[in-house]
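A short reminder: the numbers here are calculations on the coordinates, not readings from a lab. Note that the coordinates shown come from a computational prediction; the quantities given were computed from them, not determined experimentally. As a convention, Cβ positions derive from the backbone with ideal geometry for all residues, glycine included, and neighbour counts pool all protein chains shown.
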Amino acid sequence: MRLSKLFTKTTRNVPADETARNAQLLIQAGFIHKEMAGVYAYLPLGLMVVENIKSIVREEMNAITGQELIMTSLQPKELWEKTSRWDDKVVDIWFKSELKNGTPVGFGWSHEEPIVNMMKQFVSSYKDLPANVYQFQTKLRNEVRSKSGIMRGREFVMKDMYSCSIDSEQHEAFYAATIEAYKRVFDRVGIGQETYVTFASGGAFTQFSHEFQTICEAGEDVIYIHRGKNIAVNEEVLDEATLSKLGVKRDELEEVKSAEVGNIFNFGIQKSEDMDFTFTDESGEKKFVHLGSYGIGITRLMGVIAEKFSDDKGLVWPESVAPAKVYLVRLSDRDEVVKQADELYNRLTASGVGVLYDDRELRAGEKFADADLMGIPYRVVISDKTVAAGKYELKARSANDSQSVSLDQLLKTLGVSA
């Protein structure tokens, strides 16, 4: 992507109506646009980050037999009445409306009931199970608070997966596999070291759940962790019974602020009973399907990464999710410089390396500042000086100094065959 063709622009002005660091930086860098409180548009560079996160999540969900689909955001009232969750006293974050003919509809805040209703059409025998499906879907939640940028929105992208199993043993095996898959996801996006599987309340979903909480000062949750045992408990369920179950004492735990990046729920057969979701077992007897629900907030995860990987100059994206690997800076319009920059741009892109090519007519300082603000992992400078020396100027975003390297050294660092 040539920045001279990109319609977005960076700004040095901090948005006056944003208190969250993630939103401030993402707006300044031209990754997102704020429509209203808790509602953001994802611009080309921001969408690249979202898609990179989705790609990692998709690979890990497919690896544990997840099958991708996409459901509608419009949801019928009668489905949710079967589980009592249409009632605003049970779920207080609904956006609701009605069709022209007066039929009530809700806008999807979650998809358990619609997924179960759909799966009932395809599951009738034990031979049809297990079946595990997931989607990347825009969720709409009428949150009271929306002051954490894209870490808590009224509209956001979630990966939600649902498992259907013949019994608790089969369900528990998949539940455990999902925990490990989630750990791999968070490792790959760079936050695995500070993300804990956390014992928590199930809220409107079920009595208890497991959350994936990342230590983050900008987070809205408080958890208690035991670093040595890799144990974490949400403060809402911190009591003697929970501590006894986990085998830890209160004074062994460290209080930290955190942001929830994922969660998993075991519904057992309750929701299947509510919605009459059954299958016929090997003996011909009808049984209720065991259900589980598993979420990762894709755009929330992007916000947490932005919070944790930033400095006083801007964003510092992990390579796995960055919108590009290289920020290529051209500092002259002389033919030799343009030719070398164009050739490197074409070679890198042909090799599958993402490049933001800064070919704009701006001063060097402005280009360097944008490179830092956007947080691209590597900055490569081509100028009259580097061309004359037969070298390239290379700087990692996380490094303080640049270095002069040959083309072979540059390509090796970027993982491109010479």
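Which trypsin sites (Lys or Arg not before Pro) in the range 1-37 pass both tests, a DSSP loop state and at most 14 other beta-carbon atoms within 10 Å? Show your work: numbers first, answer last.
Details: sites: Arg2, Lys5, Lys9, Arg12, Arg21, Lys34; in loops: Lys5, Lys9, Arg12.
Those that pass, being in a loop and sparsely packed, are Lys5, Lys9, Arg12.
Using DSSP to define loop residues, name the GluC sites (Glu not before Pro) in the range 213-265 whose beta-carbon has at most 11 other beta-carbon atoms within 10 Å. Show your work: numbers first, answer last.
Details: sites: Glu217, Glu220, Glu235, Glu236, Glu240, Glu252, Glu254, Glu255, Glu260; in loops: Glu217, Glu220.
Counting only loop positions with at most 11 other Cβ atoms within 10 Å, the GluC sites (Glu not before Pro) in the range 213-265 are Glu217.
Lys and Arg at +1, Asp and Glu at -1: add these up for the other residues within a Cβ distance under 11 Å of Asp167 and post the number. Please report the intermediate quantities before stating the final value.
Working: positive: Lys287; negative: Glu169, Glu172, Asp281.
So the environment of Asp167 carries a net charge of -2.
Can you pull out the chymotrypsin sites (Phe, Trp or Tyr not before Pro) in the range 99-165 whose DSSP state is coil and whose Cβ has at most 12 other Cβ atoms within 10 Å?
Those satisfying the criteria are Phe122.
So if I take the centroid of the Cα atoms in the range 3-27 and the same for the range 64-96, what is the distance between those two points in Å?
First find each Cα centre; the distance between them is then 34 Å.
Starting from the Cα of Lys147, draw a straight line to each of the lysines and keep only those under 25 Å, dropping any in the same chain fewer than 8 residues away.
In chain and number order, the partners are Lys9, Lys34, Lys54, Lys89, Lys96, Lys139, Lys159, Lys257, Lys308, Lys313.
Kindly state, to the nearest 0.05, the FRET efficiency for Ala388 paired with His33, given R0 = 41 Å and r defined as their beta-carbon distance. Let's see the in-between values first.
Values: r = 42 Å, r/R0 = 1.02.
Once rounded, the FRET efficiency stands at 0.50.
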